[in-house]
Amino acid sequence: MSDQATLSVTMLGAGQEVGRSCCVLQYRGRTIVCDAGVHPAYSGMASLPFIDNLDWSTVDCILITHFHLDHAAALTYITEKTNFKDGKGKVYMTHPTKAVHKFMMQDFARMSSSTSDALFSPMDMEMSIVSIIPVSVHQLINVCPGVSFTPYHAGHVLGACMYLIDIAGLKILYTGDYSREEDRHLVKAELPPLRPDVLIVESTYGVHSLEGRDEKEGRFTNLVHSIIRRGGHVLLPAFALGRAQELLLILDEYWKKHPELHNVPIYYASNLAKKCMAVYQTFIHTMNSNIRTRFAKRDNPFVFKHISNVPSTRGWEKKIAEGPPCVVLASPGFMQVGPSRELLELWAPDARNGLIITGYSIEGTLARDIMTEPEEFTGLKGNTIPRKISVDYISFSAHVDYAQNSEFIQAVKAQHVILVHGEQNTMGRLRAAMTSKYKERDEDVKIHTPRNLETLNLSFRGERVAKAIGT
Amino acid sequence: MASSVFYKWASRKDESRVQFDGTGITVFDLKREIILSNNLVKGNDFDVHVYDPATNQELRDDAHIIPRSSSVIAKRLPVFRPAKSRIPIYIGNAPGAIPTSDTVIRGTTTWHKGALSKRFDGKEEPSPLKPA
Ligand SMILES: [Zn+2]
Ligand SMILES: [Zn+2]
């Protein structure tokens with residue numbers, strides 16, 4: 001038993017919740033942190049992962065899976081405000097993730113500075129960004145003796161990857177957010193070529209099934225069209241980057257096919273996205289064949305024909321809201337503050353208007369609350385606003401559903417499966433479903449659902465690790 | 001003249017401080033000031049804990065008095081049922097503590113400067129809000 005070593009897995013965030021992903025792996029004296037996100041339902045320090053119990057100077061590396069704020073926005077605080085830089089720790093993310101992360105953080109800092117909830121200065125942000133080491137998918141990276149990793153495509157958003165991590169021979173696959181369905185611009189998540197000992201996997205949708213792509217897109221475009229036909233405005237709250245690009249590709253194509261809609265503008269309300277379009281255009285080679293073929297034919301799919309940027313003048317929301325029918329894609333996706341919230345408050349009282357929630361909505365945000373279709377809701381100024389606007393939910397959020405997730409989990413064949421990034425009940429149902437699946441087949445696979453700061457200790461014997469290397 | 005007690009979030013490089021009048025501050029009031037000055041008033045999934053840096057012992061007794069000019073370590077740790085968070089206990093009578101909207105303005109770099117409601121003369125004067 002002397003050669004028994006223990007892997008400790010501690011969630012500082014995203015343990016039985018969605019938001020502030022941050023997972024600490026400790027094995028044979030090495031410490032690896034996967035993701036450093038904030039919780040979108042909170043602001044300031046309350047949005048950070050539970051970082052106080054870790055000595056950050058002992059961290060060997062931080063691996064960021066993708067640019068979404070719930071996976072990356074706490075990075076600046078960790079590198080600049082903790083003792084992380086007293087140690088030898090390195091920070092890695094893919095090239096496109098780094099390129100977009102920079103813009104995301106500038107925007108994040110600008111938004112939070114207006115509420116005096118700022119966690120760091122613009123200078124801190126610059127310092128943090130220069131220290132990030134960009135990596136390519138499929139590249140094997142040696143971090144320090146005994147620690148290496150390889151990123152694999154995760155689908156989800158541009159640049160998103162999973163990490164296959166090797167610590168002293170023990171192999172851990174950390175998926176981050178992932179999708180197994182090819183969409184209009186991204187490749188789907190890959191199955192890594194070897195069998196890890198531990199799989200740490202997202203569980204956002206638990207045992208839910210999502211509709212197929214064609215069905216979903218059809219429902220979406222029909223709905224948009226019918227709202228316009230009844231003389232209404234269409235509000236699509238979405239994060240500036242990620243799914244927004246997919247929605248724009250769908251709308252642009254639909255408009256092309258429907259000349260009767262050509263006088264109906266589609267507005268894309270994001271300066272951030274305008275900046276990031278250049279990044280999307282730069283990384284076309286990482287996208288799927290659909291996009292690459294169009295690009296090769298000099299038809300750049302990210303040069304939209306029917307999408308206009310909103311005027312960047314103050315009060316544009318009001319101007320557009322009072323104008324003729326239109327479609328507006330506005331951030332933020334959860335509508336706490338900002339353009340999407342402002343438009344919602346202006347459009348909510350008119351039954352002709354329509355709101356379509358297009359992504360996963362985190363508990364505690366207005367986007368989630370409004371899905372219950374309340375008679376009224378509270379405006380930012382504390383006023384009561386009647387809700388007559390129609391509310392629909394069509395998820396384009398590019399996470400795996402139950403069928404895809406359980407298939408992937410089984411294909412990976414890890415002995416220990418750790419579910420993260422899911423609400424408590426959702427995760428519980430997935431665990432129950434997977435447990436019975438394995439029981440039927442008499443397979444001994446352990447499924448864990450640790451809460452934040454509840455350290456999970458998994459023991460591995462030396463031989464088992466050696467065997468894993470050989471396979 | 002204002003007195004200070006210093007606190008450092010366990011994961012942070014630098015220290016912050018809380019100012020008050022008198023020779024010491026109760027754990028209760030210190031926690032309250034930490035919660036207010038870091039805009040943690042709306043927290044419902046965590047508690048703030050403070051520790052003696054020399055012994056690493058948690059200072060659990062809210063009535064305990066921390067002498068001025070000393071330092072403590074602070075940690076934000078999760079609670080698993082929102083109703084169990086003790087944050088509201090500490091901010092029960094704080095001005096601006098009513099969570100009206102997302103825009104409760106409170107700095108993170110400046111600490112709460114409002115007058116404390118208590119005197120600190122080193123003598124026991126338990127807060128009326130002290131939990132049982
Ligand atoms: Zn994501
Ligand atoms: Zn996520």
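Any chance region A:44-53 includes a residue that's hydroxyl-bearing (Ser, Thr, Tyr) and at pLDDT 95 or above? Looking through region A:44-53, none of the residues is hydroxyl-bearing (Ser, Thr, Tyr) and at pLDDT 95 or above. Just one of (1) more than 14 Å from chain B (Cβ to nearest Cβ); (2) at pLDDT below 95; (3) surrounded by fewer than 18 Cβ atoms within 10 Å (Cβ to Cβ) fails for A:Gly382. It is (1). Would you confirm, using the coordinates I've provided, whether A:Arg20 is at pLDDT 95 or above and away from ligand 1 (no atom under 16 Å from the Cβ)? It is false that A:Arg20 is at pLDDT 95 or above and away from ligand 1 (no atom under 16 Å from the Cβ). Output the residues belonging to region A:331-360 that are within 14 Å of chain B (Cβ to nearest Cβ) and either more than 15 Å from A:Ile320 (Cβ to Cβ) or assigned to a loop (DSSP other than H, G, I, E, B) (or both). Of everything in region A:331-360, those that are within 14 Å of chain B (Cβ to nearest Cβ) and either more than 15 Å from A:Ile320 (Cβ to Cβ) or assigned to a loop (DSSP other than H, G, I, E, B) (or both) turn out to be A:Pro332, A:Phe334, A:Met335, A:Gln336, A:Val337, A:Gly338. Every test in (1) within 16 Å of ligand 2 (Cβ to nearest atom); (2) surrounded by 23 or more Cβ atoms within 10 Å (Cβ to Cβ); (3) closer than 30 Å to A:Gln336 by Cβ; (4) at pLDDT 95 or above is passed by A:Gly155 save one, and that test is (4). Kindly indicate which of B:Lys113, B:Lys123, B:Lys130 is away from chain A (no Cβ under 12 Å), over 14 Å from the mean Cα position of the chain (by Cα), modelled with pLDDT under 95 and at negative phi. Unique residue meeting the criteria: B:Lys123. The residues of region A:161-184 that are surrounded by fewer than 22 Cβ atoms within 10 Å (Cβ to Cβ) and within 16 Å of ligand 1 (Cβ to nearest atom), listed by number, are A:Arg180, A:Glu181. Only one of the numbered conditions (1) within 16 Å of ligand 1 (Cβ to nearest atom); (2) surrounded by 20 or more Cβ atoms within 10 Å (Cβ to Cβ) is not met by A:Lys188, and that is (2).
A quick yes/no check of all residues on (1) away from chain A (no Cβ under 14 Å); (2) outside any strand (DSSP E or B):
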residue	(1), (2)
B:Asn39	no, yes
B:Lys42	no, yes
B:Arg60	yes, yes
B:Ile66	yes, no
B:Ile73	no, no
B:Arg76	no, no
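So which residues in region A:210-258 are closer than 18 Å to A:Cys276 by Cβ, modelled with pLDDT of 90 or more and charged (D, E, K, R)? Across region A:210-258, the qualifying residue is only A:Asp252. State yes or no: is A:Val24 crowded, with 23+ Cβ neighbours inside 10 Å and either among the aliphatic types (A, V, I, L, M) or touching a Cys at 6+ places or on another chain (Cβ under 7 Å) (or both)? Judged against the criteria, A:Val24 is not a match.
Answer with yes or no whether A:Ser43 is within 14 Å of chain B (Cβ to nearest Cβ) and away from ligand 2 (no atom under 15 Å from the Cβ). Judged against the criteria, A:Ser43 is a match.
Every residue, every condition in (1) in contact (Cβ under 8 Å) with a residue 12 or more places away in the chain; (2) farther than 21 Å from A:Val18 by Cα, yes or no:
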| site | (1), (2) |
| --- | --- |
| A:Arg184 | yes, yes |
| A:Ile200 | yes, no |
| A:Thr204 | yes, no |
| A:Gly212 | no, yes |
| A:Gly218 | no, yes |
| A:Thr221 | yes, yes |
| A:Ile228 | yes, yes |
| A:Gly231 | yes, yes |
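Checking the structure you have, find out if any residue of region B:13-21 is touching a residue at least 60 places away in the same chain (Cβ under 8 Å), more than 10 Å from chain A (Cβ to nearest Cβ) and within 10 Å of the chain's Cα centre (by Cα). Within region B:13-21, one or more residues are touching a residue at least 60 places away in the same chain (Cβ under 8 Å), more than 10 Å from chain A (Cβ to nearest Cβ) and within 10 Å of the chain's Cα centre (by Cα).
The values are calculated or read from the model by the stated rules, or taken from the named source; none is laboratory data. Computed from a predicted model, the values in this text were never measured in an experiment. Neighbour counts run over all protein chains shown; Cβ positions are idealised from the backbone, glycine included.
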